[in-house]
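> I have a structure here, written as structure tokens, and I will follow up with some questions on it.
Any read-out appearing in this document is the output of simple, stated calculations on the displayed coordinates, not a laboratory observation. Keep in mind it's a predicted model, so treat the numbers as computed, not measured. Please note: Cβ atoms are built from the backbone with ideal geometry, for glycine as well, and neighbour counts cover all protein chains shown.
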Amino acid sequence: MAAIRLNDRPYGRGLHPVMVLVLLCTLSMLTYLDRVCFGAAGSLIVEDLSLQSIADLKWAFTAFAIAYALFEVPTGWLGDQFGPRRTLLRIVLWWSAFTLLTGLVGLQIRGWTLGGLSTLVAIRFLFGAGEAGAYPNITRALHNWFAVEHWERVQGLVWMSGRLMGGMTPLLWAFLVAGSKFTVPLMHWRVAFALFGFLGVLWCLIFARWFRDSPRADHGSTPADLVSDPADDADVTQSKNTPWRELLTHPTMLALCIMYFLLNYGWAFNITYLPSYLQTRFGTRPDDLLGAVYKGAPLWVGAIGCLAGGILTSRVSARLNDRFIGRRVVAIGSLSGCAGCWFGAMQSDNIHLFCLFVSGAAFCIDLTLGASWASCQDLGRRHAAVVAAAMNTIGTLGSALANWLTGTIVERSLFSSAQQRNITVDEMSQAAKVVATNAGFQTVFLTFGLVYVAAAICWLAINPRRPVGGLSTER
């Protein structure tokens with residue numbers, strides 16, 4: 001695969017593809033900022049809402065994932081029908097509003113309390129409904145603006161940006177909200193949610209001013225080596241007839257969806273329970289900067305994996321002279337390594353070693369993202385947003401199941417421990433709760449390892465040479 005390069009010819013006043021990539025990478029960063037900040041605020045939310053533990057937030061975590069899954073395909077379809085520009089503007093404005101509203105839950109004003117846990121669950125559901133479709137529509141925009149030989153790399157850059165911001169969020173949170181030995185807190189956690197919501201609105205203003213759905217919709221010319229090939233002109237137009245039956249029965253589509261379900265199942269831990277787990281298991285404090293780095297470490301390291309995955313996949317594909325087999329080789333090797341990392345994390349009693357294994361697992365997962373999303377472009381073509389949305393829908397259901405099941409396993413571990421002592425969970429000492437909680441998470445980590453073995457096997461069935469609703473694709 002050739003490196004992404006610019007030619008030297010002038011291209012007038014139009015939108016440059018590199019600016020398209022910058023806008024989309026920035027959007028990816030915002031999605032992770034607004035997702036990860038909720039996990040970072042978990043302990044403060046538990047305290048302000050007078051909850052027992054982080055496990056009480058399982059339905060808030062799960063509500064986001066369920067809504068995201070439910071609205072992913074409809075929003076991807078809107079992008080294919082009406083273009084990614086209008087669809088992405090609606091997405092970001094919606095989720096920015098509910099990011100702000102998240103910070104208002106439980107706020108007391110003149111004796112009135114603005115909702116509780118149920119309100120928080122409802123708001124997180126609506127937040128998920130709003131953010132759904134962001135990455136499928138990013139995929140559609142990349143499909144319109146970049147030629148096929150650049151797909152893995154631009155997808156890798158988009159995901160790298162999101163993961164990088166996700167990794168930075170706990171550190172940013174420590175500076176803004178928790179403070180440290182070097183700084184004082186700059187704002188309340190509720191104000192931080194309002195700030196993050198405002199950043200989404202600012203992005204919309206810039207995006208609406210500059211972005212267009214495709215080079216043909218822009219008035220300036222564009223470097224020819226970056227945009228879609230002329231033979232693919234039909235693929236950048238809006239799709240009016242989605243082949244739903246073929247979409248639901250295509251063997252590669254089914255394999256992609258199952259694989260992505262498993263991929264997200266274990267990864268969800270990194271942005272939900274991990275910050276609180278490190279506080280419970282290893283005693284990291286909210287104002288501990290090293291702890292903040294560890295909380296974001298899987299996303300920091302994963303960002304490198306996103307970039308490296310695109311490069312590695314392109315080189316392996318070039319060596320094998322087949323980009324589909326190249327993706328398969330990289331993905332199977334990476335996911336097998338991910339399983340090994342989770343089995344290693346189970347045996348780690350040291351925070352440094354534990355975070356090394358968990359970050360290694362995230363790195364291995366993210367090596368496969370460029371290949372996964374580029375496969376959606378190969379399989380979907382002019383229906384790329386719908387195909388990507390379908391895959392991400394099932395993937396999000398994997399996150400939803402993991403969020404709920406993780407909390408349930410931990411709760412049952414606590415209940416079982418209390419039952420053995422003939423007392424209630426409320427009567428357990430804090431030390432006993434910590435031991436029972438850690439035992440529950442050990443079971444959770446075992447499921448993660450087994451899930452990634454299955455995900456690696458799924459790649460044997462992923463072969464998008466015959467697109468949905470189109471002829472075979474061999475290039």
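> Set Lys and Arg Cβ to +1 and Asp and Glu Cβ to -1, take the dipole of the stretch 17-461 about its Cα centre, and tell me which of Ala371, Gly407, Val177 lies farthest positive.
It is Val177, whose Cα lies furthest towards the positive end.
> Working only with C-alpha atoms, what are the Rg and Dmax values of the chain, expressed in angstrom?
Radius of gyration, then largest Cα-Cα span, for the chain: 22.2, 78 Å.
> Would you calculate, for the chain, the mean residue ellipticity at 222 nm contributed by helices, counting each DSSP H stretch of 4 or more residues as -39,500 (n - 2.57) and dividing by all residues, to the nearest 500?
One gets -23500 deg cm²/dmol as the mean residue ellipticity at 222 nm.
> Hey, another quick one. May I ask you to order 187-196, 123-132 by the average number of other C-beta atoms within 10 Å around their residues, highest value first?
123-132, 187-196
> When N is the residue count of the stretch 71-114, what does its C-alpha Rg come to as a fraction of 2.2 N^0.38 Å?
That ratio works out to 1.71.
> Give a residue-ordered list of calculated ³J(HN,Hα) values for the stretch 353-363 (Karplus: 6.51 cos²θ - 1.76 cosθ + 1.60, θ = phi - 60°; whole Hz; x for Gly, Pro).
5, 4, 5, 5, 5, 5, 5, x, 4, 5, 4
> For the Cα atoms of the chain, what angle does the longest principal axis make with the long axis of helix 189-210, in degrees from 0 to 90, nearest 10?
10
> Taking only the alpha-carbon atoms of the stretch 312-434, what semi-axes of the equivalent ellipsoid follow from 5 times the gyration tensor eigenvalues under a square root, in whole Å, largest first?
40, 20, 9
> Magnitude of the Cβ-charge dipole of the stretch 17-461, K/R +1 and D/E -1, about the Cα centre, nearest 20 debye?
It comes to approximately 180 debye.
> Oh, and also: Quick one: if you take sqrt(5λ) for each eigenvalue of the C-alpha gyration tensor of the stretch 341-389, what semi-axes come out, biggest first, whole angstrom?
Whole-Å semi-axes of the equivalent ellipsoid: 35, 8, 7.
> Taking 0.36 nm per residue of sequence separation and subtracting the Cα-Cα distance, how much length would be gained by fully extending the chain between Arg86 and Ile351, in nm to one decimal?
90.9 nm
> Next question, about the same structure. Take the Cβ-Cβ distance between Leu450 and Arg110 as r, set R0 to 56 Å, and report the resulting FRET efficiency rounded to the nearest 0.05.
Here the calculated transfer efficiency is 0.60.
> Starting with the highest mean, order 152-161, 106-115, 253-262, 20-29 by the number of other Cβ atoms within 10 Å, averaged over the residues of each peptide.
152-161, 253-262, 20-29, 106-115
> Here is a follow-up. Relative contact order of the chain: what whole-number percent is it, with Cα pairs under 8 angstrom and at least 6 residues apart?
Relative contact order here is 25 percent.
> Between Thr443 and Ile206, what is 0.36 nm times their sequence separation minus the Cα-Cα distance? Round to one decimal in nm.
Fully extending the segment from Thr443 to Ile206 adds 80.7 nm.
> Kirkwood hydrodynamic radius, the stretch 377-424, all distinct C-alpha pairs: what's the number in Å?
Across the stretch 377-424, the inverse of the average 1/r is 13.4 Å.
> Next question, about the same structure. Sort the following peptides by mean Cβ neighbour count (other Cβ atoms within 10 Å, averaged over residues), highest first: 310-316, 270-276, 41-47.
Highest-to-lowest ranking by the protection proxy: 270-276, 310-316, 41-47.
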